[in-house]
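Structure, as structure tokens:
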Amino acid sequence: MSPHISLSQEPGPIGVFDSGYGGLTILRQIRNAMPQYDYLYLGDNARAPYGTRSFDVVYEFTLQAVRYLFQQGCHLVILGCNTASAKALRTIQQHDLPEIDSHRRVLGIIRPTVECIGGISRTGHVGILATQGTVRSRTYELEIGKLYPSMSVTSLGCPMWVSLVENNEHLSPGADYFVRERIDKILEMDPEIDCLILGCTHFPLLMPKISKYVPSGIGVVSQGKYVADSLRDYLCRHADMEGRLTRNGTMRFLTTEQAEAFQENAKVFLSSPLEAQRVFLK
Ligand code: DGL
């Protein structure tokens, strides 16, 4: 049973949550598409990475983050993290939201990503590069199976990739080895793949290296744009939720680690300076 929290009914910002910095790649695209809204980003950097954690732990941490964002005035929270979308979204939607406030919403990023691949893959063979947690959850297989039952899906965990990004090593010469090795491996597992989904929000930062090693003719899907399009569509269809969003064009940043470190590293993702505030989740 979730402890009772009292929530303001005043309009508020859109919350975006990730285990660390990866969700900033989603925030950037959402904000480009809809600069009019206010955004509140929360990175659980002190407890990242989530990719190797169990279902129970990812669920518990994600629920804490969602509740925190609700307490900060958000009516709508986007889980800008595949691992949290895979391991926590459904339970939060079905079990926790009705108890916390049935009018608030939490949306994930896997479904909007999967929707786009029908228009991209011609061979019907798709590869998913993600955290080990997302791969083990088989959420991509399940979601793709619902929309495109005849598609063949091959998934591969890339445990080093998140660490490269979290430690700001993603453009270093050493990163090439880890990127190339995973790409070669997944294409060896299924040589007919013609569409690779980056199923982790940290991975777009590795795009310069990824493009170097993915053979031409294979599409690489980075999620941000598809998530932004899907959110815009959602808000068009849900005027009640749209009416509960404030519109001053601001972005605020919260992190569970030191604010200075977040400010320094987050610049890489957003290409502009920002101010962050440290918070504690429980
Ligand atoms: N950015 C997260 C995702 O999209 C995961 C990174 C982590 O392992 O914490 O899956």
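The values are calculated or read from the model by the stated rules, or taken from the named source; none is laboratory data. None of these values were measured; they are calculated from a predicted model. With ideal geometry, Cβ positions are generated from the backbone for all residues, glycine too; neighbour counts draw on all protein chains shown. Keep in mind that these areas ignore ligands, DNA and RNA; they rest on the heavy atoms of the full protein, side chains included. Shrake-Rupley method; radii C 1.70, N 1.55, O 1.52, S 1.80 Å.
Numbers for the structure displayed
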| quantity | calculated |
| --- | --- |
| Counted residues, the range 138-167 - those being of a type outside the set (Ser, Thr, Tyr), at pLDDT 95 or above and either open to solvent by less than 20 Å² (accessible area, probe 1.4 Å) or in a loop (DSSP other than H, G, I, E, B) (or both) | 8 |
| Flag if residue 19 is surrounded by fewer than 24 Cβ atoms within 10 Å (Cβ to Cβ) and either without any contact (Cβ under 8 Å) to a residue 12 or more places away in the chain or within 13 Å of the ligand (Cβ to nearest atom) (or both) | no |
| So residue 248, is it part of a loop (DSSP other than H, G, I, E, B) and more than 30 Å from residue 135 (Cβ to Cβ) | yes |
| Filter result (under 21 Å from residue 71 (Cα atoms) and among the acidic types (Asp, Glu)) within the range 1-56 | 10, 18, 38, 44 |
| Selection from the range 181-224 of residues that are within 16 Å of the ligand (Cβ to nearest atom), surrounded by 17 or more Cβ atoms within 10 Å (Cβ to Cβ) and not in a loop (DSSP other than H, G, I, E, B) | 182, 196, 197, 198, 203, 204, 205, 206, 210, 220, 221, 224 |
| Failed criterion for residue 135 (all others in (1) open to solvent by less than 30 Å² (accessible area, probe 1.4 Å); (2) within 16 Å of the ligand (Cβ to nearest atom); (3) modelled with pLDDT of 95 or more hold) | (1) |
| Tabulated pairs, the range 135-148, first more than 9 Å from residue 114 (Cβ to Cβ), second surrounded by 14 or more Cβ atoms within 10 Å (Cβ to Cβ) and charged (D, E, K, R), C-beta under 6 angstrom, 6+ apart or interchain | 137/87 |
| Residue list for the range 187-216, filter: touching a helix residue (DSSP H, G or I) at 6+ places or on another chain (Cβ under 9 Å) and either of a type outside the set (A, V, I, L, M, F, W, C) or within 16 Å of residue 151 (Cα to Cα) (or both) | 193, 195, 196, 197, 199, 201, 202, 204, 209, 212, 213, 215 |
| Qualifying residues in the range 229-275 (those that are hydroxyl-bearing (Ser, Thr, Tyr) and closer than 15 Å to residue 18 by Cβ) - the one surrounded by the most Cβ atoms within 10 Å (Cβ to Cβ) | 255 |
